[in-house]
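The values are calculated or read from the model by the stated rules, or taken from the named source; none is laboratory data. For clarity, every value in this text was computed on a predicted model and none was experimentally measured. Quick reminder, even Gly has a Cβ in these numbers, built from the backbone with ideal geometry, and neighbours come from all protein chains shown. Each accessible area value is taken on the protein alone, full model and side chains, heavy atoms only, with ligands, DNA and RNA left out. Shrake-Rupley method; radii C 1.70, N 1.55, O 1.52, S 1.80 Å.
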Amino acid sequence: MNQEKNKDALVCINGRFTPPEEAVVSVFDRGFLYGDSVYEVTLTYEKVPFLLETHLRRLDNSALGIGMNLEWSPTQIKDLIQRGLKHFENDRLYIRIMITRGAGEIGLDPGLSDGQNLYIIFKELTPQPQKYYDDGVSLITAGILRNPKKSVDPNVKSGNYLNNVLAISQAKEKGAYDAIMLNAEGNVTESTTANIWILENDCFITPPLEAGLLGGITRATLLEIAKKNNFQVKEENFTPKRVCGAQEVFITSSTREVMPVTQVDGQVIGNGKPGPRTRGLHDLYRQYIQEVIGQEKKKVPWNHD
Ligand code: PDD
């Protein structure tokens, strides 16, 4: 492992804090064997985790979606995060919370588990290069599909991302930033780790949850912001062809916020530059972050003694 790279990292395993090089998991952990786990990713602004309670609610929902009743309460997880953050000086951290169904005798039956394991990784956030926001990024349409909702529902943020791993490999092979994943009907769902939006006739459109995608917290926040600002906005299915013909395209996630897309499958979107409406929405999102962080700082003494 590159120690230098993980200098500013810390791991909490079942409540015990350890340096990353000592953070090891059992080979019998079902998260390792089968991807039998759920996870969340959030990040801090000014040392304060952003929308942590919403992430913990989604963690709970993901767990329920795979028949797991979490053995840690949101309060316990929040306390551990608060303790973990005290180890850092950095304003900007990446926080990954994972709960696996646990270790046990090898076998698919969940009844073989000895009890769940909680892992929290804290590490310095590697920001997305500014160039991506200035110039936009490129996407391809992946050949591999997102799971149908009747398989593991993509709205469950599980530790099994193999379809998405294959999809992003296809993107990287073609020199693209990320891949659009379709469902079996040929409609767009999302990218490998972000939700996707198009602007068409000045209306912001993102696929509905029924298309089979993760209900992104950034996506939900932006739907609210767009409605509050009286922008035209809707959740509607669309095909890759409509993406290529859109006025503007962008992807959204906690770690990327609002990232403009200027090329899809080799076709230039709009005039090839990040669109003004995408920028406008991103500005409003940033204002919202400031408001939320300001309120949080008043409520919880996050990293401040
Ligand atoms: N990914 N869709 C997928 C498949 C995702 O994995 C993510 C998040 C999103 C965006 O969700 P949110 O707005 O709540 O971050 C959409 C995280 C960032 C990750 O895996 O690193």
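Odds and ends about this structure:
- Evaluated at q = 0.11 Å⁻¹, the base-10 log of the normalised Debye intensity for the stretch 1-98, with identical point scatterers placed on the Cα atoms, takes the values -0.35.
- The string of couplings for the stretch 193-200 from the Karplus curve (6.51, -1.76, 1.60, θ = phi - 60°) is 9, 7, 8, 10, 9, 10, 10, 9 Hz, one whole number per residue in order, with x for Gly and Pro.
- Percent accessible area from carbon and sulfur atoms, the stretch 130-291, protein chains only, probe 1.4 Å: 48
- Residue 137 sits with roughly 10 Å² accessible to a 1.4 Å probe, with DNA, RNA and ligands left out of the calculation.
- At R0 = 22 Å, FRET efficiency that the Cβ-Cβ distance of residue 241 and residue 150 yields, to 0.05: 0.25
- Rolling a 1.4 Å probe over the heavy atoms of the protein chains gives the stretch 209-248 an accessible area of 50 Å² per residue.
- Cut-off 16 Å (backbone N to label point 7 Å along Cα→Cβ of residue 135), residues of the stretch 172-186: 175-178
- Remark: the stretch 157-163, residue by residue, has Karplus-estimated 3J(HN,Hα) of 8, 9, x, 9, 10, 4, 4 Hz, where x stands for each Gly or Pro and the curve is 6.51 cos²θ - 1.76 cosθ + 1.60 at θ = phi - 60°.
- Ranking by accessible area, most exposed first, for 56, 33 with a 1.4 Å probe: 33, 56
- Largest to smallest in accessible area, the residues 55, 87 fall in the order 87, 55 (1.4 Å probe, all protein chains included).
- Using every pair of distinct Cα positions in the stretch 121-278, the Kirkwood expression returns a hydrodynamic radius of 15.7 angstrom.
- Heavy atoms of residue 68 accessible to a 1.4 Å probe, total area in Å² rounded to 10: 10
- In this structure, the amide hydrogen of residue 190, modeled 1.01 Å from its nitrogen in the peptide plane, lies closer than 5 angstrom to those of 181, counting only residues at least 5 positions away or on a different chain.
- Once C-alpha pairs closer than 8 Å and six or more residues apart are averaged by separation and normalised to the residue number of the chain, the relative contact order reads 18 percent.
- Compactness of the chain - radius of gyration and Dmax, Cα, Å: 19.6, 57
- For the stretch 69-176: accessible area per residue (Å², 1.4 Å): 54
- With the helix formula -39500 (n - 2.57) applied to DSSP H stretches of n ≥ 4, the chain reaches a computed 222 nm mean residue ellipticity of -9000 deg cm²/dmol.
- Residues whose amide H falls under 5 Å from that of residue 155, counting only those 5 or more places apart or on a different chain, are 213, with hydrogens built in the peptide plane.
- All Cα pairs of the stretch 227-296, percent lying beyond 15 Å: 62
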